[in-house]
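Just so it is clear, none of the values below were taken in a lab; they were calculated from the coordinates. Here the structure is a predicted model, which is why all the values come from computation and not from measurement. Reconstructed Cβ throughout: ideal geometry from the backbone, glycine too, with neighbour counts over all protein chains shown.
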């Protein structure tokens, strides 16, 4: 077995046979006298000792824990896209059937129906991959606040600008829109452990879909409940 040697003079690295262990000799480069270390003097780095119960052979009986990354299946993706598409299509059909006079209550139903699938889709693609993802009942419980708060933010908007008969100007929207998006981002941050900026994107996904729904129903995108 070869022994690794470092010259103290020129710091050259080379190997010598183990038969020269403990002997002295000149460095092949700078001729400085070198004492060849013995094999016992070599530093060996061992893996850390695994704590915990062991079997009769001294082997650990604890299996390593691996974090499994959940992957969204194709049927789930198709289901989300299909549900959003159906809601938007129904909005367009209602516009045609009512000749542009869609009852405001149906818009409210559509906004509520869009929230759960979009909240789930947003979390699936925007979640922090460094954190253990929520699954099953835990995920459903955390999606409920977003599914409730997101439509309610439209209600707050309507209360301010429609019920009070105030038509916002462009400069007013510069302040109103960030406030609404910020409220949605805080909700996503609190319930889904998203970063604030990511939470804003999560809410913006829902906001964009509901604006499209309003337009398909023949309504103004922001100003009033009815055109």
Item to complete: Could you give the spread of the C-alpha atoms of the stretch 2-41 along their three principal axes, from largest to smallest, in whole angstroms?
Response: 25, 15, 14
Response to the item:
Ordering 103-116, 125-138, 3-16 by per-residue average of other C-beta atoms within 10 angstrom, highest first, gives 103-116, 3-16, 125-138
Item to complete: List the equivalent ellipsoid semi-axes of the stretch 74-216 in whole Å, largest first, each obtained as the square root of 5λ for an eigenvalue λ of the Cα gyration tensor.
Response: 27, 21, 11
Worksheet item: Of 90, 211, how do they rank once you tally other Cβ atoms within 10 Å and put the fewest first?
Response: 211, 90
Discussion item. Quick check on packing: order 197-203, 94-100 by the mean number of other C-beta atoms within 10 Å, highest mean leading.
Written reply: 197-203, 94-100
